[in-house]
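Below is one structure, written out as structure tokens, with a few remarks after it.
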């Protein structure tokens, strides 16, 4: 007699999913997606928001890299920019505030076939989710994390954010903020991120270059993308925008991206600073190391079925 | 030691009493290896086709501190670790003073005469046997003064007293030290033999267990944390994430060690929130994953669990309960997390809560939890507790070949998909994992915002009403399939005891004792705690008093957490609580006394 009241059931997909007749399409016959295939809901962002250009570039990246539709996996936390997954026609996750990285880690580590993109804002990344940023970076979990940094809390209508500069007048610091802001680039380098890049929404070509390079990276790739909040922090990034009289300077050609100290020095420059890849190294990702560990351990139980592996343990407990 | 029959004297001229069971309490410090003695005895019982249950306390200090391990071994069914010990093995003065009261009158205390000065006041009530355990162990092994080996020496003494199978014990010792340097095994065997050969001259009797009747062959012996961890593996769980906290950590360590062999992995995260989030991410992408914790760790996970309820993502959350609130009593047992398991989240967030009742049940409930989670796309709590987690039991070996599950999600393409389809009457829908092609080109978003059928945000009142109802309805359809609750004892009588979790054994033993005394007492043990089975109402009708036996506080209204739920569901004033918060499991006599008092006070 079975001791289980809820034993294994092969879940009937037709009951809850419309399986229908889906003819297989060989990869050779598949065509890359166009923007119209990837665009989902119309973004809820304010007109002029920097996040629009990040979304447009993400579409372009998917098109250019020919990512199959079913493999688009977009994860976000909470915030204006974290609405991102709703606007993308693909597998999307709108998770809780600050925890996009651990969620994306679960996807990444259990599904080596996918490249996960996590999107978020400065509050999500550096305030409520600060701990996860540090640890995902140090563990080097494979994914691309793009933070749309606007230096302000926008969704909740203008409170000080962890990247708001000193003196910023918000609803929670009417007299001007005096808490020292976080420098995301320094934070990322110090935490041990293996790909650290900086870009801005006003230079879509550069943004695409950075996302493309990030996707090629085998570990945790972090991009800080300046993304202006036209509603609550208009003009924040003018000094980095040549059309507003600012200057857009890329990382010097002789910069050694494997030199951590040089990267830290770049990160220490005042605004507008440089744009491009600050730091990159090929330290093995957690994904690779877990895989190697698994291979080593599976070698010891080679040829055994799962129940036989467990049986060996049970035999020792007799 | 019950049912003893005296037989012929053995070679040493001592009487040998045949016994059906014995309770042995070993008291020392946590670094003395007393858990190892208990472990050997439990494993031996399993191999000798006897039943066994252990009970231990450990200090919450990092190293040292008083600790006990109690083993009850017997030929019949063992339901609890025993109220009173037959034999106390005391290593120190504090062990002696602190635990002599747990010995039955006439019981035997074996003390380490190197450390214990017996109290003359106790000599009349208990047989005293002093053995220089520390010095004799050092002598046997050869001069090491580090107190090593005295636990194994003591095991030898016990083996002599109870005529235990020496060959089997030696084999167990050898297996235990497998892979260690040879001299460690040799020293252990030397210490064991010295203990066994020691002439317990002062002891009047020796004992011998009745032969097993053969009904308990093919047993495995493990503790509740191991059973739960292996149950999850059997269920097909291949990914987990957690953060260290007592007493959950053992499960996490087991899964970290074992899962890679099965192509899976377990991640130690930076905090509790990351671990639940990582587990949900893996559950979303690759089939049911597990996270777990104890005490405050569960509180930290609450927000993310609420998300999994809203987004309808399957998940198993193990909660090895300990004394709370806050840091509370980390190494003591309590059943005070029922409310947080059922209701720990903001908003209406129905989820499933199961509670295993013993070590064997922990194995099977882990499998059920996974199957319920995947079928209903919902987080499922497994409410274990410190008592189940740390106690060792023997149970019939499960048929692993039959039970082992593969729960890898189907990734074949679908024509169209709505993760939150409102059309099924029972409210049950399932999500698809990334990598699943949707031919219509319309892909789902899983979300914590109230949403439409595709997962896109909505402000529609009607959708919130319908989706809230959907999340409730699917668990009501689960409730409709819950197995029938079987009362222990007749279906009618004066008193019905209701219990859950680790209290099952002592409650049943209390029922047996009271029925023997002519009282009309029965019990039900609830394993599905949320939603509660409907048939409890029918069972309660047959009794004048319904007493809910729980290890938690009586609360403002005089009954514990399960009692509150039962009152809310059945509105019966005859439902009352028997609760306590001393951090220890129920003693059978305690339950009996509390039942008598409760019936008397019913007015």
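The values are calculated or read from the model by the stated rules, or taken from the named source; none is laboratory data. Remember, it's a predicted structure, so these values are computed and weren't measured experimentally. For neighbour counting, all protein chains shown are included, and Cβ atoms are generated from backbone atoms with ideal geometry for every residue, glycine included.
Summary table below
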item: Matching residues in segment A:262-276 - criterion: being without any contact (Cβ under 8 Å) to a residue 24 or more places away in the chain and part of a loop (DSSP other than H, G, I, E, B); result: A:269, A:270
item: Segment B:404-423, residues that are more than 7 Å from every other protein chain (Cβ to nearest Cβ), under 39 Å from the mean Cα position of the chain (by Cα) and within 15 Å of residue B:436 (Cβ to Cβ); result: B:408, B:409, B:411, B:419
item: Which listed residue is more than 18 Å from residue B:312 (Cβ to Cβ) and at the interface with chain B (Cβ under 7 Å from one of its Cβ atoms), from A:79, A:106, A:90; result: A:90
item: Criterion: in a loop (DSSP other than H, G, I, E, B) and facing chain A (nearest Cβ under 10 Å) - qualifying residue of B:348, B:426; result: B:426
item: Residue check for residue B:441: on the phi > 0 side of the Ramachandran plot and either at pLDDT below 95 or surrounded by fewer than 18 Cβ atoms within 10 Å (Cβ to Cβ) (or both); result: yes
item: Of the criteria (1) crowded, with 19+ Cβ neighbours inside 10 Å; (2) over 25 Å from residue B:14 (Cβ atoms); (3) at pLDDT 90 or above, which one residue B:120 fails; result: (1)
item: Any chance residue B:447 is within 8 Å of chain A (Cβ to nearest Cβ), surrounded by 21 or more Cβ atoms within 10 Å (Cβ to Cβ), within 24 Å of residue B:237 (Cα to Cα) and touching a strand residue (DSSP E or B) at 6+ places or on another chain (Cβ under 7 Å); result: yes
item: Checking residue A:85 against (1) surrounded by fewer than 23 Cβ atoms within 10 Å (Cβ to Cβ); (2) facing another protein chain (nearest Cβ under 9 Å); (3) within 30 Å of residue B:305 (Cβ to Cβ), the condition it does not meet; result: (1)
item: Subset of segment B:457-504 [within 14 Å of chain A (Cβ to nearest Cβ) and in a helix (DSSP H, G or I)]; result: B:470, B:473, B:474, B:475, B:477, B:478, B:479
item: So residue A:65, is it away from chain B (no Cβ under 11 Å) and over 30 Å from residue B:234 (Cα atoms); result: yes
item: Count of segment B:235-258 residues which are touching a helix residue (DSSP H, G or I) at 6+ places or on another chain (Cβ under 8 Å) and either buried (at least 24 other Cβ atoms within 10 Å of the Cβ) or closer than 23 Å to residue B:38 by Cβ (or both); result: 13
item: Count - residues of segment B:63-98 that are outside any loop (DSSP other than H, G, I, E, B) and over 19 Å from residue B:19 (Cβ atoms); result: 11
item: Wholly within segment B:114-217, helices (runs of 4 or more DSSP H) carrying at least 1 residues that are in contact (Cβ under 8 Å) with a residue 40 or more places away in the chain, more than 19 Å from residue B:93 (Cβ to Cβ) and touching a helix residue (DSSP H, G or I) at 6+ places or on another chain (Cβ under 9 Å); result: B:133-141, B:150-161, B:166-176, B:182-197
item: Criterion: more than 10 Å from every other protein chain (Cβ to nearest Cβ) and either surrounded by fewer than 23 Cβ atoms within 10 Å (Cβ to Cβ) or more than 27 Å from residue A:300 (Cα to Cα) (or both) - qualifying residue of B:195, B:263, B:306; result: B:195
item: Any hit, segment A:31-49, residues being crowded, with 16+ Cβ neighbours inside 10 Å, in contact with a strand residue (DSSP E or B) (Cβ under 7 Å, 6 or more places away or on another chain), away from chain B (no Cβ under 14 Å) and in contact (Cβ under 8 Å) with a residue 24 or more places away in the chain; result: no
item: Some residue of segment B:380-391 being facing chain A (nearest Cβ under 9 Å) and closer than 25 Å to residue A:13 by Cβ; result: no
item: Residue check for residue B:101: surrounded by fewer than 16 Cβ atoms within 10 Å (Cβ to Cβ), under 32 Å from the mean Cα position of the chain (by Cα) and not in a helix (DSSP H, G or I); result: no
item: Inter-residue pairs, beta-carbon under 9 Å, first at positive phi and in segment A:277-294, second in a loop (DSSP other than H, G, I, E, B) and at pLDDT below 95, 6+ apart; result: none
item: Condition met for residue B:112 (touching a strand residue (DSSP E or B) at 6+ places or on another chain (Cβ under 8 Å) and either closer than 18 Å to residue B:87 by Cα or at pLDDT below 90 (or both)); result: yes
item: Residue match in segment B:164-181 (condition: touching a strand residue (DSSP E or B) at 6+ places or on another chain (Cβ under 9 Å) and outside the structural domain of residue B:262 (by TED's automatic domain parsing)); result: yes
item: Which numbered condition residue A:74 fails, given (1) under 16 Å from residue A:39 (Cα atoms); (2) in contact with a strand residue (DSSP E or B) (Cβ under 9 Å, 6 or more places away or on another chain); (3) more than 7 Å from chain B (Cβ to nearest Cβ); (4) not in a strand (DSSP E or B); result: (4)
item: For residue B:387: the one exception among (1) assigned to a loop (DSSP other than H, G, I, E, B); (2) within 20 Å of residue B:584 (Cα to Cα); (3) out of contact with any strand residue (DSSP E or B) (no Cβ under 7 Å at 6 or more places or on another chain); result: (1)
item: Those residues of segment B:204-222 which are in contact with a strand residue (DSSP E or B) (Cβ under 8 Å, 6 or more places away or on another chain) and either surrounded by fewer than 20 Cβ atoms within 10 Å (Cβ to Cβ) or facing chain A (nearest Cβ under 10 Å) (or both), in sequence order; result: B:204, B:205, B:206, B:208, B:210, B:218, B:219, B:220, B:221, B:222
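Let's see how each residue does on (1) within 14 Å of another protein chain (Cβ to nearest Cβ); (2) under 15 Å from the mean Cα position of the chain (by Cα); (3) crowded, with 24+ Cβ neighbours inside 10 Å:
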site	(1), (2), (3)
B:293	no, yes, yes
B:296	no, no, no
B:310	yes, no, no
B:369	yes, no, yes
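Residue-by-condition table, conditions (1) at pLDDT 95 or above; (2) touching a helix residue (DSSP H, G or I) at 6+ places or on another chain (Cβ under 9 Å); (3) within 14 Å of chain B (Cβ to nearest Cβ):
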| position | (1), (2), (3) |
| --- | --- |
| A:237 | yes, yes, no |
| A:240 | yes, no, no |
| A:251 | yes, yes, no |
| A:255 | yes, yes, no |
| A:261 | yes, no, no |
| A:282 | yes, no, no |
| A:293 | yes, yes, yes |
| A:297 | yes, yes, yes |
| A:305 | yes, yes, yes |
